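The values are calculated or read from the model by the stated rules, or taken from the named source; none is laboratory data. Just so it is clear, the structure is predicted and the values come from calculations on it, not from any experiment. For neighbour counting, all protein chains shown are included, and Cβ atoms are generated from backbone atoms with ideal geometry for every residue, glycine included.
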Amino acid sequence: MVFRSLRRPLLAWLTALALLLFTPAPAWADFVLPPLPYALDALEPAIDATTMTIHHDRHHGAYVANLNSLIEANPTLAKLSLETLQGQISSFPVAVRNNAGGHWNHSQFWAVMAPAGEGGEPSADLLAAINGAFGSMETLHSQFNQAATGRFGSGWAWLIRKSDGNLAITSTANQDNPLMDLPGIEPGTPLLGLDVWEHAYYLQYQNRRPDYIKAWWSLVNWSEVNRRYAALS
Ligand code: MN3
C-alpha cells in the first residue's frame, strides 16, 4: 500500500528531474558577457578597478542580459552573430539597437586596452596608413581627442577603416557604432573605439573627460589594432 501511494509522486518527480537534466539550454541565452582579458586593476592608474568592475560587470552585463531578453520577441536575433547584427540594426527596434550596440562596443573596448607598457606599437603597415590619412600620429591623436571630447553627451570616438581602404576618425552617439546601417553614421570597420560615456570615467575623473582621454592613450593595445587592420587588408 505504501509503495502504491508513493509510485505516482515518485514518477512525477523523476520526470521533472529528467526534464531538468535533459532540456537543452534556452535558445535565448545566446549572447555572453566576455571576461576581461586582464585583471580588474590591471589598467590602474589610468582606469581604477572600481570603475572597471562596475563598467564590465554591471553596464556591459546589463546590455548582454537585456539583449538576451529581447530574443524571444525578435527571434531572428538568435540566428545572427553579434557583428552581423550591427550591419542589419536598422530593421530592429531601438532597444535591440541600444543593447546590441552596447554589447559589441564594449566587447571591442576591453580588447583594445592593455596594461600600460604592454600594448606594443603600431605596425609598419598601420603607421603608413595613419601617416597617409592624417600626416602623423600626433594629428591622429589630436583629431581623435577632438572627436572624443566633442561628442556631446554619451557616445564613442572611433578610428575606422572605410570601404575605400582609407582611415578616418568619427564619433557616434549613445551605443551606436560605425558598423550600423543607420543614417548619420560614417560607415567603416572600427580599429579602435573609446567609450566616452560618463560611466567610463566619472568615479575617477568626474567632469574631466579630457584627462580620462589623455590617460587612456597609455592603455591602447596596438597589437589588437594591428591585428584588426591586418585582417582587413
Ligand atoms: Mn560603457
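The table for this structure:
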item: So Asn177, is it farther than 10 Å from Ala157 by Cα and either within 13 Å of the chain's Cα centre (by Cα) or not hydroxyl-bearing (Ser, Thr, Tyr) (or both); result: no
item: Residue match in the range 66-77 (condition: in a helix (DSSP H, G or I), more than 14 Å from the ligand (Cβ to nearest atom) and small (Gly, Ala, Ser)); result: yes
item: Odd one out for Pro34 among (1) more than 16 Å from the ligand (Cβ to nearest atom); (2) exposed (fewer than 15 other Cβ atoms within 10 Å of the Cβ); (3) not polar (S, T, N, Q); result: (1)
item: Lone unmet requirement of (1) within 16 Å of the ligand (Cβ to nearest atom); (2) on the phi > 0 side of the Ramachandran plot for Gln206; result: (1)
item: Identity of the residue in the range 108-136, within 16 Å of the ligand (Cβ to nearest atom) and over 16 Å from Ile160 (Cα atoms), that ends up nearest to the chain's Cα centre (by Cα); result: Trp110
item: Sole exception among (1) within 16 Å of the ligand (Cβ to nearest atom); (2) within 26 Å of Pro45 (Cα to Cα) for Arg97, by number; result: (2)
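So that you can scan it fast, the table gives a plain yes or no per residue for (1) modelled with pLDDT of 95 or more; (2) closer than 29 Å to Asn99 by Cβ; (3) exposed (fewer than 15 other Cβ atoms within 10 Å of the Cβ):
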| position | (1), (2), (3) |
| --- | --- |
| Phe134 | yes, no, no |
| Met137 | yes, no, yes |
| Ala157 | yes, yes, no |
| Gly165 | yes, no, yes |
| Thr172 | yes, yes, no |
| Ile185 | yes, yes, no |
| Leu192 | yes, yes, no |
| Leu219 | yes, yes, no |
| Ser233 | no, no, yes |
